[in-house]
Amino acid sequence: MTRENAATLFIDGRWQPSSEHRQFDVVDPATDTPFGSASDGGRADAHAAIDAAARAFDSWAGETAYVRSAALLRAHRLMTERADDLAALMTREQGKPLRAARNEVNYGADFLIWFAEEAKRVYGSMIPSPRADHRLSVLRQPVGVVAAITPWNYPISMITRKVAPAVAAGCTIVLKPAEQTPLCAVAMFKIFEEAGLPAGVVNLVTSNHPEDVGDVLLESRTVRKLTFTGSTSVGRTLGAQAAKTMKRVSMELGGHAPFLVFEDADVEHAAKGAALVKFLNTGQACICPNRIFVQAGVYDKFVDVFSARVKAMKVGNGATPGTSIGPLIDTEAMDKMSRQVDDAVTKGARVLAGGHRVDVDGVGGQNFYAPTVLVDVTEDMEIYREETFGPIAAIIAFDDEAEAIAKANDTDYGLASYVYTDDLRRAVRVTEKLRFGIVGVNDINPTAAAAPFGGIKDSGLGREGGAQALDEYLDVKLVGMSL
Ligand code: ADP
């Protein structure tokens, strides 16, 4: 794509430049250099996309579930065929190591096939009426035009996680991807186009002015639902805007996952798991542990094994084989790492690994931060409350189960949590007391397209994935009939 003719808006089945002919650079976070450009869509483009989605709605909602399912299956096949190219683009645009990008493409494709199948199971129900000459039935119908706003950290799977259930339910959609990763979105919408989705069913508005596009989507009465993944602060703003037109809302926001390791756990397995999930996507995932609580009797052993694994991680360009830690997304993220580490060290934490920026030979980028281990972390430190979203592990000792649960729950967030123990009774007790939407028991990957992903408290509303996710795109209609 050349910088002169970016036409990355997909509206009413046509690729087009922004109506104001603006565009913006897309930057490789590993090298800090632009490698492409995207159309900078604005208010008029957002209006055009909503209009196209509204025009397409009646006929798409009126198609059979089998037709919608077949389109999603075609998209799944194309995505699978292009997996390597999609992964390479993701590594360039977002920075994650190629192998992780490949995993994300597979995960993203799972949503297409799972909701293709689920589209055929949008059942209604009959309810026995208290009157003999009366019938009650319940229909589930598509909510209408959906606005979707997606983040940069999982630039492909967050798109399919929203588009697949929306399209399966019979909705039409306008999607605004993050300004850091518009090209992954373009690649996915080319797949939707080739899969034969009718004009207007899926619409893409890339933009470097998220508030302008967001305002139009949120103010519109035609848009009946917002699905958002991003920060809690933006989620709050969008939720307040959505309230004015009483839209359905689902939000997947920030997290501050606790990772509990009890004395009766397999400590090596726990340390290995903690290192993998903490540094997943360079720590830029909402399910990354933010506080690792380790029981006193196994604390030293855990810290030794964990630190050794972290020190062995290779920082570099995600495209270089063997890289386990790619760049952070931008300098703002780098500044946050320095700030959280400085704050913690000033208040008494010790750095056992990392704690500094890294120069990667031959790359030239400024966004590499060494995987970092902080011990002696206390409640007064910023990292204890604020989401890190980067490669810093904060380790804290605890004495007993009640203390661990109280500390784990002492956060405004409520997305993922992890418990390591080999005591079955303890696993059940702790799982039931953790106030989070997701609990991994000796498990760092409690996610799948078929499973309901989402949080409570400041981590969001609603669920994505699984049968629950389809309900987010369906209205319930009660029909009473007198005979
Ligand atoms: P992150 O911290 O992951 O960058 P953000 O919440 O800032 O999370 O961004 C997530 C998504 O929300 C991106 O697509 C971004 O463009 C979008 N966004 C941010 N601010 C607004 C806004 N005021 N209106 C609409 N979208 C927004």
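The values are calculated or read from the model by the stated rules, or taken from the named source; none is laboratory data. Just so it is clear, the structure is predicted and the values come from calculations on it, not from any experiment. Neighbour counts are summed over all protein chains in view; Cβ atoms, including those assigned to glycine, are modelled from backbone coordinates with ideal geometry. Just the protein is used for accessible areas: all its heavy atoms, side chains included, with ligands, DNA and RNA removed. Shrake-Rupley method; radii C 1.70, N 1.55, O 1.52, S 1.80 Å.
Among beta bridges identified by DSSP and lying wholly in the chain, the antiparallel ones come to about 45 percent. Extension gain Glu403-Arg350, at 0.36 nm per residue separation less the Cα-Cα distance, in nm? Separation in residues times 0.36 nm, less the Cα-Cα distance, equals 16.8 nm. The sum of -39500 (n - 2.57) across all DSSP H runs of n ≥ 4, divided by the residue count of the chain, sets its helix-only mean residue ellipticity at 222 nm to -12500 deg cm²/dmol. The distance between label points at Asp412 and Ala312 comes to 3.9 nm (points 7 Å beyond Cα on the Cα→Cβ vector). Summarising the overall dimensions of the stretch 267-308 from its C-alpha atoms, the Rg and Dmax are 10.4, 31 angstrom.
For the stretch 257-448, with all protein chains in place and a probe radius of 1.4 Å, 49% of the accessible heavy-atom surface sits on carbon or sulfur. Heavy atoms of the protein chains alone define the surface here; on that basis the chain has 40 Å² accessible area per residue at 1.4 Å probe size. Net length available on complete extension from Asp330 to Val479 is 48.4 nm, with 0.36 nm assigned per residue and the Cα-Cα distance removed.
Note on Asp32 and Val67: with the Förster distance fixed at 56 Å, the Cβ-Cβ geometry gives a FRET efficiency of about 0.80. Note on the chain: Cα Rg divided by 2.2 N^0.38 Å, N the number of residues, gives 1.01. Excluding same-chain neighbours fewer than eight residues apart, the lysines reachable from Lys225 by a Cα-Cα span under 28 Å are Lys120, Lys162, Lys176, Lys190, Lys244, Lys247, Lys457, Lys477. For Lys311, the lysines whose Cα falls under 27 Å of its own Cα, not counting residues fewer than eight places away in the same chain, are Lys96, Lys272, Lys278, Lys301, Lys336, Lys347. Ellipsoid semi-axes for the stretch 106-168, based on the Cα gyration tensor and the rule √(5λ), read 35, 13, 7 Å when sorted largest first. Taking amide H positions as modeled 1.01 Å from N, with prolines and chain starts lacking one, no residue 5 or more places away or on another chain lies under 5 Å from Phe389.
Hydrophobic long helices, here whole DSSP H runs in the chain with Kyte-Doolittle means of at least 1.0 and Cα atoms spread over 15 Å or more along the helix axis, are found at 182-194. With the biggest extent put first, the Cα atoms of the stretch 257-448 measure 52, 35, 29 Å across the principal axes. Stretched out straight at 0.36 nm per residue, the stretch from Arg43 to Arg425 would grow longer than its current Cα-Cα span by 132.0 nm.
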